[in-house]
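In what follows, a single structure is set out as structure tokens and then discussed.
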Amino acid sequence: MDLGKPAIIPPLDPDFVPASLWIRDYNSLVEQSGEGVPFRIALQQPNGATVVQSEKLLPETHPQAGLNHLHVERLLKFMLWACGGSRWFWDGPQEAGEFLNKRFSGHPCGKFDSDFMAKVYQEPFCGKSGNEVPESRGLASPLGRNLEGCRIGFDLGGSDRKVAAVIDGQVTFSEETPWDPYHQTDPEYHRTGIMDSIEKAKAHLPRLDAIGGSSAGVFVNDRPRVASLFRGISDSDFTEKISPMFIDIGKELKVPLSIINDGEVTALAASMSLEQNAVLGIAMGTSEATGYVDTQGRVTSWLNELAFAPVDYSPNAPTDEWSGDIGCGVQYFSQQAVGRLIPKTGLSIDPALGLPEKLERVQGFMAEGSGEAASIYRTIGTYLGYGVAHYASFYSLSHALILGRVTSGEGGTIILEEAKKVLQEEFPDLNDQITFHQPDEKNKRHGQAIAAASLPAIN
């Protein structure tokens, strides 16, 4: 039995093995065996937030029992990047637990994951086998939806920083300022730039009550833990000056200041605009950025770094340049996906161009009615349909907001159409449950700023 063979094959990727289908087929094998072996796996953050998965493995005597290792390793990998945690617990066959230990301590890809989690949560990453698996415990933050008062919202990007002054939920001033944070070695560059934007917005307010911000990267309790924005900063300067920077700015201005990942703010903005909850935002930009608002309309403590989460179980899946692992979301839902697929089309695009320029060329061909360009978007759309189905097995999901430069123009329309086709054919229950959205122009311009500004409550 070929596990995970899709009914809808991506035009430019015949080897694609969607994780959602592979797992469905694997679970069917387990059920057919009549001898499924139960296991429980939990992932826990230092704050006590815990996610638990309870499933079954194939019995050791089954001719395809070798699939068990792939199943549990990919499952824990996905949990790490979706949920985040520094401690995992295993209750199941001892041999599978030992395999997980070896994978995440000795294998280069597993070690990348464990080292990253150790950096985020500032404690060693460790696993424990036995029957002591903690119970599930969700933690969510009441951040956001605070519209009263005079507020500032900002977003820190790799090429510009955005800021807005907001009074009772209405934007009264906004500005984009170019900057080049990636290559700066002096932390003062970042602080000065951020303060400059805040002061400009503050000049348009009668008083300042609160500040909210967003940026790419991982933030815990308003402290950046891992963020490409500060890649040029030494480890010592990062610890001493960057990590406490936003807390210090809030103290200096004597107002509450909150900053979270930009994907979370995007999902929050969508939830506020739609007046709906259970929203997953997927931004297809330079990388894949994601954020989630739960069924209660809250931002959770989950990591939501789905760029590193596996969506393709093909042994021939493309390799992520950073982690070294294969089949991860970034290669399917970003400009990297576009760049990877171009050579399969025959389009005449200089391979030496950067990813943004390659995307522009594809968009140009698309505007001319190129079928080859359209095949790139159809492929990404097929990926998205199967990918969202996979995400829905971990997230309570009613709405998917799809945005980012890859989804601009007619190509974005094709992506959503193809994704919907996949759900209709392969996952009819999810098709009835999940609605796709793209942000309107007003929300693109001001939604993010308002949502960011709304993060802190006024004391």
### Failed item, numbered, when C126 is tested on (1) in contact with a Cys (Cβ under 9 Å, 6 or more places away or on another chain); (2) under 29 Å from D320 (Cα atoms)
(1)
### Summary
Residue pairs within 8 Å by beta carbon, gap of at least six or interchain, first lying in segment 174-189 and touching a residue at least 40 places away in the same chain (Cβ under 8 Å), second basic (K, R) and part of a loop (DSSP other than H, G, I, E, B), listed first then second, are Y182/R231
### Task
Filter the strands (runs of 3 or more DSSP E) completely within segment 215-292 down to those with at least 3 residues that are within 28 Å of D440 (Cβ to Cβ).
257-261, 279-284
### Query
If G339 satisfies every condition in (1) surrounded by 23 or more Cβ atoms within 10 Å (Cβ to Cβ); (2) without any contact (Cβ under 8 Å) to a residue 24 or more places away in the chain but one, which is the exception?
(1)
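Conditions tested, residue by residue: (1) over 26 Å from the mean Cα position of the chain (by Cα); (2) on the phi < 0 side of the Ramachandran plot; (3) not in a helix (DSSP H, G or I).
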site: S114; (1), (2), (3): no, yes, no
site: E135; (1), (2), (3): no, yes, yes
site: L143; (1), (2), (3): no, yes, yes
site: N146; (1), (2), (3): no, yes, yes
site: R151; (1), (2), (3): yes, yes, yes
site: D155; (1), (2), (3): no, yes, yes
site: R161; (1), (2), (3): no, yes, yes
site: A164; (1), (2), (3): no, yes, yes
site: T177; (1), (2), (3): no, yes, yes
### Message
Would you confirm whether or not segment 401-418 contains a residue that is assigned by TED's automatic domain parsing to the domain that holds S273 and either in contact with a His (Cβ under 8 Å, 6 or more places away or on another chain) or farther than 29 Å from M272 by Cβ (or both)?
### Response
yes
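Yes or no, residue by residue, for (1) among the basic types (K, R); (2) outside any helix (DSSP H, G or I); (3) touching a strand residue (DSSP E or B) at 6+ places or on another chain (Cβ under 8 Å); (4) modelled with pLDDT under 95:
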site	(1), (2), (3), (4)
G412	no, no, yes, no
E417	no, no, no, no
K420	yes, no, yes, no
E425	no, no, no, no
N431	no, no, no, no
I450	no, no, yes, yes
I458	no, yes, yes, yes
#### Entry: Options L257, L274: the member that is assigned by TED's automatic domain parsing to the domain that holds E372, in contact with a helix residue (DSSP H, G or I) (Cβ under 6 Å, 6 or more places away or on another chain), in contact (Cβ under 8 Å) with a residue 60 or more places away in the chain and of a type outside the set (S, T, Y)
L257
### Task
All but one of (1) touching a helix residue (DSSP H, G or I) at 6+ places or on another chain (Cβ under 6 Å); (2) within 26 Å of P108 (Cα to Cα) hold for I23, so report the exception by its number.
(1)
### Summary
Restricting segment 275-291 to residues that are among the aliphatic types (A, V, I, L, M) and buried (at least 24 other Cβ atoms within 10 Å of the Cβ), the one nearest to N261 (Cα to Cα) turns out to be A289
### Subset tally (residues that are in contact (Cβ under 8 Å) with a residue 60 or more places away in the chain and either in contact with a Cys (Cβ under 8 Å, 6 or more places away or on another chain) or over 26 Å from K162 (Cβ atoms) (or both)) for segment 419-458
5
### Task
Kindly indicate whether F333 is over 29 Å from Q448 (Cα atoms) and in the same structural domain as A389 (by TED's automatic domain parsing).
no
### Query
Scanning for something more than 15 Å from the chain's Cα centre (by Cα) and touching a residue at least 40 places away in the same chain (Cβ under 8 Å), does segment 288-296 turn up at least one residue?
yes
### Task
Looking only at segment 121-133, count how many residues are part of a strand (DSSP E or B) and either within 26 Å of the chain's Cα centre (by Cα) or at pLDDT 95 or above (or both).
2
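The values are calculated or read from the model by the stated rules, or taken from the named source; none is laboratory data. Not measured: the values here are computed from a predicted model. Note: ideal-geometry Cβ built from the backbone for every residue, glycine included; neighbour counts use all protein chains shown.
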